[in-house]
1. Find the residue count for segment 64-83, including only residues that are part of a strand (DSSP E or B), closer than 19 Å to A42 by Cβ and open to solvent by less than 70 Å² (accessible area, probe 1.4 Å).
2. Can you spot a residue in segment 44-63 that is aromatic (F, W, Y), touching a residue at least 12 places away in the same chain (Cβ under 8 Å) and open to solvent by 60 Å² or more (accessible area, probe 1.4 Å)?
3. More than 12 Å from the chain's Cα centre (by Cα), part of a strand (DSSP E or B), under 19 Å from K132 (Cα atoms) and β-branched (V, I, T), is that true of I50?
4. Just the residues that are open to solvent by 40 Å² or more (accessible area, probe 1.4 Å) and without any contact (Cβ under 8 Å) to a residue 24 or more places away in the chain, please, taken from segment 34-43.
5. If we scan segment 17-28, do we find a residue that is outside any strand (DSSP E or B), under 23 Å from W118 (Cβ atoms) and open to solvent by less than 60 Å² (accessible area, probe 1.4 Å)?
6. Within segment 92-142, restricting attention to residues that are touching a Leu at 6+ places or on another chain (Cβ under 7 Å) and surrounded by 14 or more Cβ atoms within 10 Å (Cβ to Cβ), which residue is nearest to G62 (Cα to Cα)?
7. From the residues in segment 1-16 that are part of a loop (DSSP other than H, G, I, E, B) and closer than 15 Å to H70 by Cβ, which one is least open to solvent (accessible area, probe 1.4 Å)?
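The values are calculated or read from the model by the stated rules, or taken from the named source; none is laboratory data. No experiment lies behind these values; they were computed from the predicted model shown. Cβ sites come from the backbone with ideal geometry, for glycine too, and all protein chains shown count toward neighbours. Side chains included, ligands, DNA and RNA excluded: accessible areas come from the protein's heavy atoms. Shrake-Rupley method; radii C 1.70, N 1.55, O 1.52, S 1.80 Å.
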Amino acid sequence: METSIRYGGDTKALRIHAKEKFPIDSKTHMLVRGELDTRIGAPSYVSAVIRHFYPDLAASLGVGLQYDRHEKLRYTVRGKKTFPVTNDGLLTFNVKGQCDVDKEFRERKSRGAAELSWSIFNFQRDQDVRIKVGYEVFDKCSISANQRKQLDPQC
């Protein structure tokens, strides 16, 4: 299980994030994530995504469900492409994208991110560390069912 402590985003509270991967086959796994908001003392996010990896492309694609305390249940599709910066692959540049849709398929939200990721193996005995720095684009454009009929949605 991977854990992290996060701060920022839509809340100014410290959040504890955990994820676990359950293998399905050599290139596919189910990823379960959860997040605890320490300000309210309750889960703020839970998701389950089946991800398939394409090693020749250094990319992955996932589909699944997510639940958060603000928007309830949503369907999600996400993709990630990795570009190695160093020959050993410990420093990478990642491009990620995600599209969520509500359970009635009326509202779609897209977002993306670009990040540098540095993996440090055996930072301490049997503990790896990954440091990520990047930029995430959130909610820059949200298209509802009524706006899809227009050629120029308001962003």
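1. 4
2. Yes: segment 44-63 contains one or more residues that are aromatic (F, W, Y), touching a residue at least 12 places away in the same chain (Cβ under 8 Å) and open to solvent by 60 Å² or more (accessible area, probe 1.4 Å).
3. Spelling it out, it is not the case that I50 is more than 12 Å from the chain's Cα centre (by Cα), part of a strand (DSSP E or B), under 19 Å from K132 (Cα atoms) and β-branched (V, I, T).
4. Passing the criteria: L36, G41.
5. Checking segment 17-28: not a single residue is outside any strand (DSSP E or B), under 23 Å from W118 (Cβ atoms) and open to solvent by less than 60 Å² (accessible area, probe 1.4 Å).
6. F93
7. Top of the filtered list is G9.
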